[in-house]
Amino acid sequence: MNRSLTGDSLRKLLDCFDADHDRAGEKYEELRRALIRFYNGRGIFFAEECADEVFDRVSRRLLEGVEIKNIYSYCYEVARLILLEKLKSHDKKRVPLEPEMRSMINHEDDSTEKERMLQCLDRCLQQLPPESRSLIIEYYQDYKRDRIDRRKALARRLGLRRDALANRAQRLREKLEQCILDCLKK
C-alpha cells in the first residue's frame, strides 16, 4: 500500500481541520479515535490501520488539488468505502469463528472449557515455527497506542509494510483458530 501522508500532505490535511496546527492536531487525533471506533464497531480487526488509510487517501486527494469543504464528512465517506472494500476482501478469505469456539469464549463460568481451550492454544502455538510463534505473540501484545507502536516496530524489524504484516498475522491467526477447533473436537 502506498502511504501518502508526507510533510506536505499532512500540512494540507491539518489545514482542513483548523488554521491553528495545535488545535488541528487535536481534531485529527479525535477524528482518528472516532474512525477506530467506527471500524471496531463493525468488526474490522485492523481498525487502526484502516483509520490511517482513511487519512492517507484523503491526503492523496488533497495533493491532487481536490477541495474538501467538510473534512469530517469526507473522511467518514472514505471510511465507509474502505469498510466496504475490507468486508468484500475478508469475505473471500475469512475463516469464521466456529459456534462451539464462540460459545466457549462467552461462557465465563465454565473454567474447565476455558482451560481446555487454553491448552489447545498452547499446543497449537508450539506447532508453529518459532519465528511465526514469536510474530503472532508480539503482534497481539499491548493495547491502543502501545499496540500500534509495537506493530510499526515489528513491521520495520521484519522489513514489511504494515498491511503485509497485518496479512501475515491474519493468516497465522486463521491457522491457529483452525488448529484450536480441531484440538477441541478431539
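What follows draws every value from the coordinates through simple rules; no lab data is involved. Note that this is a predicted model, so its numbers are computed, not measured. We place every Cβ from the backbone using ideal geometry, glycine too, and count neighbours over all the protein chains shown.
Counting only pairs 8 or more places apart or on different chains, how many lysine pairs in the stretch 99-185 have C-alpha atoms closer than 24 Å?
Values: 114/175; 114/185; 144/152; 152/175; 175/185.
Eligible lysine pairs with Cα atoms under 24 Å apart amount to 5.
Could you compute the net charge surrounding residue 66? Neighbours are other residues with a C-beta less than 12 Å from the C-beta of residue 66; K and R count +1, D and E count -1.
On the way: positive: 12, 57, 60, 61, 69; negative: 64, 67.
That works out to +3.
Can you return the lysines within cross-link range of residue 12? Criterion is Cα-Cα under 23 Å, with same-chain partners fewer than 8 residues away left out.
Qualifying lysines at Cα under 23 Å: 27, 69.
Based on the Cβ-Cβ distance of residue 84 and residue 23, what FRET efficiency does E = 1/(1 + (r/R0)^6) give at R0 = 25 Å, to the nearest 0.05? Mind dumping the intermediate values first?
Details: r = 32 Å, r/R0 = 1.27.
Efficiency at R0 = 25 Å is approximately 0.20.
In whole Hz and in residue order, list the ³J(HN,Hα) couplings for the stretch 46-57 that follow from phi through the Karplus curve 6.51 cos²θ - 1.76 cosθ + 1.60, θ = phi - 60°; x for Gly and Pro.
Per residue, the Karplus-derived 3J(HN,Hα) values read 9, 4, 4, 5, 5, 4, 5, 5, 4, 5, 4, 5 Hz.
Quick one: Karplus J couplings for the stretch 142-152, per residue in order, coefficients 6.51, -1.76, 1.60, θ = phi - 60°, nearest Hz, x for Gly and Pro?
Those phi angles translate into 6, 9, 6, 4, 4, 5, 4, 4, 5, 5, 4 Hz.
Where the centre of each part is set by its Cα atoms, how far does the stretch 2-77 sit from the stretch 114-155, in angstrom?
Each part's Cα centre sits 29 Å from the other's.
Sort the following peptides by mean Cβ neighbour count (other Cβ atoms within 10 Å, averaged over residues), highest first: 47-60, 21-34.
On the way: 47-60: 21.0, 21-34: 14.5.
Sorting 47-60, 21-34 by mean packing, highest first, produces 47-60, 21-34.
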